[in-house]
């Protein structure tokens, strides 16, 4: 018969929990946001403060939603044409843009994402005209080649998980992939330090998208297209496209640099989380700062936005 008393002195060493749960970091919502302003990122994203400045979010979300809907409308029209149900050109019209714009705008409004400005009507009208221009200029060549929109990619970076959403994946006439990413802004001015720095961050974003796409498909895209939609408003010399050529070996070499840059940013974010401190040592660009809820009393913008006693 088994004598359990003989096991009383047996000691089992408790296994130490060494495995760390990997955190997911978004390329845009976490890494690029932190790089723009870690104070703003810390308060709004980590601490959960709700920003009163909805205009930027509204502008960017509306552009992305309408352009995605326009592509789906094109595919729907093609199906109708193929079935012999219509002889109309499948390309979306200005009327389609207006319909889809209203639908997307109402959806955002229901989520509390609305422009907060004294010139709301003008802002809405201008953005609608901007999207009509894009549809006319790019639609005919772009829509038929799109094979995926809002493509979600993720990679295990060892200490953390990195994920991103590609606006558009295109298959060009040579059967090669292209990545398109829409930016609801003007082309960053290259005669300004902050403009060059901002463009470099976006280039890193595209290089990493290219790497993530390679991990999924087995090959790099032929190129990435950064499309600065607001450039279409320029009367003289609009410059909406910035191309990152993946056939250029120098860009392939820069992928490692971009990965290291993003990994170092993740380490900084985790240190700030541990300390609960989101201090800044240099200001963001003026366009970011002038609409920031935290600008008053910001340690690096004291002269422009000083706190005044009541």
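Overview of results
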read-out: Label of the coordinate-derived value, mean projected area of the Cα convex hull in nm², listed as (i) 19.2; (ii) 15.8; (iii) 28.8; value: (iii)
read-out: Gained length - residue 147 relative to residue 173, 0.36 nm times residue gap less alpha-carbon distance; value: 8.1 nm
read-out: Kirkwood Rh in Å, taken over all unlike Cα pairs in region 110-162; value: 15.2 Å
read-out: Estimated [θ] at 222 nm from DSSP helical runs (n ≥ 4, -39500 (n - 2.57)) normalised by residues in the chain, nearest 500; value: -14000 deg cm²/dmol
read-out: Cα-Cα P(r), region 142-266, percent of pairs per 5 Å interval; value: 2, 10, 19, 23, 21, 14, 7, 3, 0, 0
read-out: Dmax and Rg, reported as Rg then Dmax, of region 205-310 (C-alpha, Å); value: 19.5, 62
read-out: Label point distance in nm, residue 102-residue 192, each placed 7 Å from Cα along Cα→Cβ; value: 3.7 nm
read-out: FRET efficiency estimate (nearest 0.05) - Cβ-Cβ, residue 308 to residue 75, R0 35 angstrom; value: 0.05
read-out: Whole-Å distance, taken between Cα centres, linking region 153-198 and region 259-280; value: 22 Å
read-out: Length-normalised contact order of region 161-248 in % [C-alpha pairs under 8 Å, at least 6 apart]; value: 30 percent
read-out: Convex hull of Cα atoms in region 20-160, direction-averaged projection (nm²); value: 11.8 nm²
read-out: Normalised alpha carbon radius of gyration of region 154-210 [divisor 2.2 N^0.38 Å]; value: 1.39
read-out: Relative contact order (%) - criterion: Cα under 8 Å, at least six apart; region: the chain; value: 18 percent
read-out: Label point distance in nm, residue 287-residue 51, each placed 7 Å from Cα along Cα→Cβ; value: 1.3 nm
read-out: Pairwise FRET efficiency - residue 137 versus residue 109, Cβ, R0 = 22 Å, nearest 0.05; value: 0.20
read-out: Cut-off 18 Å (backbone N to label point 7 Å along Cα→Cβ of residue 279), residues of region 21-61; value: 37-43
read-out: Listed peptides 221-232, 77-88 by packing density, highest first (mean Cβ within 10 Å); value: 221-232, 77-88
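Coordinate-derived values only; no laboratory data. Remember, predicted model here, so these are calculated numbers, not experimental data. Quick reminder, even Gly has a Cβ in these numbers, built from the backbone with ideal geometry, and neighbours come from all protein chains shown.
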